[in-house]
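K.L.:
Dropping the structure in here first, questions after.
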Amino acid sequence: MFKRRVINFNAGPAALPDAVLQQAHHEFFNWQAQGVSILELGHRSDAFYQLTLHSKQLLRSIFNIPDEYDILFAPCSTRGHFAFLPLNLITGYDCLDYVETGYWSAQAIAQAQKYAEVNIVANSSASQYTTIPAQQTWQLSKNPAYLHYTDNETIDGVEFTYTPESPHAPLIADMTSSILSKPIDINKFGVVYAGAQKNLGVAGISLVIIRKDLLARSSETIPEVFNYQTISKAESLYSTPDLFAWYITTLILEWVQQQGGIDYFYQQSLLKSQLLYQLIDQDEFYQNNVDVEYRSRMNVIFTIHDQALEQQFVQEALEHEFIGIKGHKAKGGLRVSLYNAITLEQTQKFAEFMKDFKNRYG
């Protein structure tokens with residue numbers, strides 16, 4: 001359908017940097033002079049083991065992760081951790097605290113409820129997930145195993161602009177769609193986890209940064225492949241990992257450092273998202289109902305007053321070689337995902353398309 005690479009605004013699997021794709025292409029048949037593709041390499045080979053050490057060193061450098069935290073790579077998606085977290089961390093506790101701010105936090109809650117009593121400390125569903133309840137209104141438990149929140153809701157276009165306080169329990173954050181896009185203080189968290197297919201790489205692998213003392217909470221009744229302590233002791237090699245996905249994540253981490261680190265991508269994310277939000281807010285042709293304070297930098301959602309025009313918008317966007325802008329089926333509307341691989345220039349090009357479309361149909 002297309003003769004060249006398009007501008008990919010998909011929410012995930014998402015756009016990858018051209019430089020990363022080019023390097024993977026160059027090394028595909030003979031990775032690091034091993035005589036085989038990374039897809040064929042043994043996961044217990046010394047060459048791959050060195051890559052795992054390199055990726056963890058990159059993460060420690062990028063996030064300034066102290067020695068008190070372990071870095072795990074798991075062969076699953078974010079959804080897997082919705083179940084793995086309560087299974088691994090409930091030991092010795094009766095309940096879990098969760099914040100519900102959108103589709104994905106609701107999905108995490110639904111899984112956690114299968115294994116423990118869940119206290120929903122705050123819930124913005126009444127506002128159709130257009131805001132984040134003020135933290136002073138949260139009803140925290142006295143002794144929960146942890147407090148969980150979803151840092152960025154890809155479907156609802158809502159993002160935390162601060163790190164919540166958790167005085168009684170470790171703070172757990174799903175950062176699947178915001179990791180590597182803004183600075184975070186790891187010391188404030190018990191666990192940060194993320195699927196790779198947004199800013200970290202490709203689908204098939206996920207990252208867990210966990211405070212080491214929490215590993216002792218895991219139970220022997222948990223299947224070993226889901227047990228964080230087992231994964232930690234085996235240096236994330238207990239079960240055969242997705243070598244290619246881990247490799248791509250390593251290339252992404254190298255690329256992030258080469259581009260200037262997280263501070264650079266944070267500033268770029270502000271410029272890209274503000275460019276689109278300013279255009280949306282000019283009049284009522286495009287609409288975004290999310291509380292301005294909590295609008296996502298990663299996933300700009302909006303609607304057009306006429307659904308037929310939304311369909312026309314998607315079709316014309318395809319003709320202009322923009323893909324992935326149709327909203328999630330659970331939300332509808334339109335969505336532009338601005339992950340790190342999307343450049344400011346690409347965003348400006350899309351903004352010009354939006355202006356032209358409004359001038360013709362507004």
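The values are calculated or read from the model by the stated rules, or taken from the named source; none is laboratory data. Because the structure is predicted, anything quoted here is derived from the model rather than measured. All Cβ positions, even for glycine, are placed from backbone atoms using ideal geometry, and neighbour counts span all protein chains on display.
K.L.:
Can you find even one residue in the stretch 281-294 that is in contact with a helix residue (DSSP H, G or I) (Cβ under 6 Å, 6 or more places away or on another chain) and part of a helix (DSSP H, G or I)?
P.N.:
Our first condition is that a residue be in contact with a helix residue (DSSP H, G or I) (Cβ under 6 Å, 6 or more places away or on another chain); within the stretch 281-294, this holds for 285-286, 288.
Adding the requirement that they be part of a helix (DSSP H, G or I) leaves none.
No, the stretch 281-294 contains no residue that is in contact with a helix residue (DSSP H, G or I) (Cβ under 6 Å, 6 or more places away or on another chain) and part of a helix (DSSP H, G or I).
K.L.:
Another question about this same structure. If residue 75 passes every condition in (1) at pLDDT 95 or above; (2) surrounded by 18 or more Cβ atoms within 10 Å (Cβ to Cβ) but one, which one does it miss?
P.N.:
The number of the failed condition is (1).
K.L.:
Filter the stretch 227-276 for residues that are touching a strand residue (DSSP E or B) at 6+ places or on another chain (Cβ under 6 Å) and at positive phi and give the result.
P.N.:
The answer is 236, and nothing else.
K.L.:
Something else: Which residue, of 13, 86, is under 19 Å from residue 193 (Cβ atoms), within 23 Å of the chain's Cα centre (by Cα) and surrounded by fewer than 17 Cβ atoms within 10 Å (Cβ to Cβ)? Lay out the reasoning, then the answer.
P.N.:
Working: 86 fails: surrounded by fewer than 17 Cβ atoms within 10 Å (Cβ to Cβ).
Result of the check over 13, 86: 13.
K.L.:
Select from the stretch 135-150 the residues that are aliphatic (A, V, I, L, M) and in contact (Cβ under 8 Å) with a residue 60 or more places away in the chain and list them in ascending order. Quick ask: steps written out before the conclusion?
P.N.:
Of the residues in the stretch 135-150, the ones aliphatic (A, V, I, L, M) are 140, 145, 147.
The answer is 145, and nothing else.
K.L.:
Starting from residues that are among the charged types (D, E, K, R) and assigned to a helix (DSSP H, G or I), keep the ones in the stretch 18-68 and report whichever is farthest from residue 241 (Cα to Cα).
P.N.:
So in the stretch 18-68, the residues among the charged types (D, E, K, R) come out as 18, 27, 40, 44, 46, 56, 60, 67-68.
Keeping just the survivors that are assigned to a helix (DSSP H, G or I) gives 18, 27, 46, 56, 60.
Working: 18: 25, 27: 19, 46: 15, 56: 15, 60: 21 Å.
The qualifying residue farthest from residue 241 (Cα to Cα) is 18.
K.L.:
Looking at residue 178, is it modelled with pLDDT of 95 or more and within 25 Å of residue 121 (Cβ to Cβ)?
P.N.:
Numbers: modelled with pLDDT of 95 or more: yes; within 25 Å of residue 121 (Cβ to Cβ): yes.
So residue 178 passes the test.
K.L.:
Is it true that some residue in the stretch 332-345 is closer than 20 Å to residue 158 by Cβ and more than 25 Å from the chain's Cα centre (by Cα)? Give the steps one after another, and end with the answer.
P.N.:
Applying the first criterion (closer than 20 Å to residue 158 by Cβ) to the stretch 332-345 yields 332-340, 342.
Adding the requirement that they be more than 25 Å from the chain's Cα centre (by Cα) leaves none.
Looking through the stretch 332-345, none of the residues is closer than 20 Å to residue 158 by Cβ and more than 25 Å from the chain's Cα centre (by Cα).
K.L.:
While we're on this one: Would you check which residues across the stretch 277-306 are touching a strand residue (DSSP E or B) at 6+ places or on another chain (Cβ under 8 Å) and of a type in the set (A, V, I, L, M) and list them?
P.N.:
279, 280, 290, 298, 300, 301, 304
K.L.:
Another one. Failed condition for residue 165, given (1) over 18 Å from the mean Cα position of the chain (by Cα); (2) touching a residue at least 40 places away in the same chain (Cβ under 8 Å); (3) surrounded by fewer than 18 Cβ atoms within 10 Å (Cβ to Cβ), with all others met?
P.N.:
Result: residue 165 passes all but (2).
K.L.:
Sort out which residues of the stretch 255-284 are surrounded by 19 or more Cβ atoms within 10 Å (Cβ to Cβ) and touching a Gly at 6+ places or on another chain (Cβ under 8 Å), and write them in order of number.
P.N.:
If the condition is that a residue be surrounded by 19 or more Cβ atoms within 10 Å (Cβ to Cβ) and touching a Gly at 6+ places or on another chain (Cβ under 8 Å), then no residue fits.
K.L.:
Pick from 252, 301: which is surrounded by 21 or more Cβ atoms within 10 Å (Cβ to Cβ), in a strand (DSSP E or B), out of contact with any His (no Cβ under 7 Å at 6 or more places or on another chain) and in contact (Cβ under 8 Å) with a residue 60 or more places away in the chain? Don't jump to the end; show me each part of the working.
P.N.:
Details: 252 fails: in a strand (DSSP E or B).
The conditions single out 301.
K.L.:
Next up: Only one of 319, 352 is within 15 Å of residue 286 (Cβ to Cβ), among the charged types (D, E, K, R) and surrounded by fewer than 16 Cβ atoms within 10 Å (Cβ to Cβ); which? Spell out the reasoning first.
P.N.:
Working: 319 fails: within 15 Å of residue 286 (Cβ to Cβ).
Answer to the selection: 352.
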